[in-house]
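S.K.: First the structure, then my questions, so here it is.
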Amino acid sequence: MRMKKMTIGALIVLSLLAVGVWDVLWGLALPIWSVYLVPVSAAAIAFEAWGGIVAGGAAGLMLFFVSPAARTWGSEILLGWMMGFIGWGGILGYLQWQARSFKEVSQKLRDQEHLRDALVEFLVHDLRSPLTNIISGLETLLVSTEDNLAPEDRELIELALIGAHRLLTMVNSILDLRKLEEGKFPLYLKEFNPHEAVGEAVRQVQLWANQNNVSLQVDFAPEVPDKMVADRWVLIRILVNLLSNALKYTPSGGTITLKVFMDDGWVHFSVKDQGPGIPKEYLERIFDRFVQVEARKAGAAVGTGLGLTFCKLAVEAHGGRIWLESEVGRGTTVHFVVPLYVSQFEQVKETIATSTSKSTV
């Protein structure tokens with residue numbers, strides 16, 4: 001690095017001398033300042049502020065002592081040119097220093113973010129297996145002792161199952177968010193029945209809904225066919241995340257409505273709750289995990305900052321779109337559309353390939 005700097009410095013000195021010789025022997029066809037500014041600018045870019053100032057001073061002295069044209073000017077004009085060279089070199093060098101400092105800080109932040117993500121993934125990854133075992137054990141216990149359980153014991157097991165399912169959803173979201181952001185999340189696209197997928201999503205949150213005394217209403221439009229192409233389990237996870245988020249804020253005795261209908265050849269899903277709603281200033285940015293943290297601090301009805309972010313990335317990985325409608329005091333409705341027909345299968349694959357290529361650039 002030191003040798004490289006010395007080489008650059010020597011080239012800048014030679015370029016200054018070359019401009020001076022050119023000026024003395026042949027004169028400068030261009031305005032004098034525009035030619036002398038070339039090595040001054042190069043010094044400012046290479047050596048930042050101090051390099052620009054030194055090169056600017058040297059250019060001013062050369063103009064003062066060797067330029068035939070400059071000899072006809074007064075000392076005040078020459079002094080002004082010298083200060084201009086120094087000022088230009090200093091300002092350009094300062095801007096270069098700022099740019100380098102910003103780049104270094106950005107790189108440090110990226111490194112810290114990668115380290116944080118790696119640590120979180122390492123810690124969270126090992127939670128999935130024991131959580132799955134806990135859920136399986138509790139469900140088996142609930143079924144095998146159903147006739148012998150007292151109501152209060154059954155309620156305790158159901159509450160434990162609700163908490164375990166919510167924690168497993170969060171763990172899965174943490175592990176999959178980075179893959180989705182990098183376009184490396186695998187999608188297993190195949191035909192399945194959307195009615196069955198929606199039924200599975202409702203089944204996973206039904207226990208929680210019963211505990212909260214909230215009704216889950218499913219409205220399937222008759223034109224929705226029995227087959228669609230997508231990743232079935234990812235679609236179920238999207239619906240579970242949206243239903244879970246709605247359950248957090250719908251009051252006891254309320255209703256959550258899940259609608260499925262066709263929208264210009266796409267399957268349109270919507271989940272409507274009866275919660276407090278979200279302020280307008282957060283609607284456009286609510287799918288960003290950091291904005292959700294900000295919104296929660298402000299008292300807005302949003303989740304942990306993981307669920308909606310996962311939903312957005314998962315829907316977009318399918319080539320779809322997700323958006324939100326909300327009004328304070330009147331609840332929130334989350335909409336998303338995904339492709340349906342097998343003829344759109346190639347379009348979905350192209351969308352995923354494009355997302356992957358962008359993330360690797």
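S.K.: Can you tell me the length gained on complete extension of the stretch Glu76 to Thr132, counting 0.36 nm per residue apart and subtracting the Cα distance?
M.R.: 11.9 nm
S.K.: Could you give the nm distance between label points at Phe65 and Asp263, where each point is 7 Å from its Cα heading toward the beta carbon?
M.R.: 7.5
S.K.: Extending each Cα 7 Å along its Cβ direction at Glu191 and Arg116, get the distance between those two points in nm, one decimal.
M.R.: Rounded to a tenth, the inter-label distance reads 4.6 nm.
S.K.: List Ser136, Ser15 from most exposed to least, where exposure is judged by having the fewest other Cβ atoms within 10 Å.
M.R.: Ser136, Ser15
S.K.: Please give the contour-minus-distance gain from Val105 to Lys227: 0.36 nm per residue of separation, less the Cα-Cα distance, rounded to one decimal in nm.
M.R.: Extra length available between Val105 and Lys227 comes to 38.9 nm.
S.K.: Residue separation times 0.36 nm, minus the C-alpha to C-alpha distance between Leu149 and Leu17: what's the value?
M.R.: Taking Leu149 through Leu17 to full extension adds about 38.0 nm, to one decimal.
S.K.: I need Thr257, Thr309 ordered by Cβ neighbour count within 10 Å, fewest first.
M.R.: Arranged by neighbour count, lowest to highest, Thr257, Thr309 become Thr257, Thr309.
S.K.: Order 162-172, 2-12, 102-112 from most to least packed using the mean count of other Cβ atoms within 10 Å.
M.R.: Peptide ranking by packing, descending: 162-172, 2-12, 102-112.
S.K.: Starting with the fewest neighbours, write out Glu76, Glu182 ranked by other beta-carbon atoms found within 10 Å of each beta-carbon.
M.R.: Listed from fewest to most nearby Cβ atoms, that is Glu76, Glu182.
Values quoted throughout were computed directly from the atomic coordinates according to the rules given, and no laboratory measurement underlies them. Since the model is a prediction, treat every value here as computed from it, not as a measurement. For neighbour counting, all protein chains shown are included, and Cβ atoms are generated from backbone atoms with ideal geometry for every residue, glycine included.
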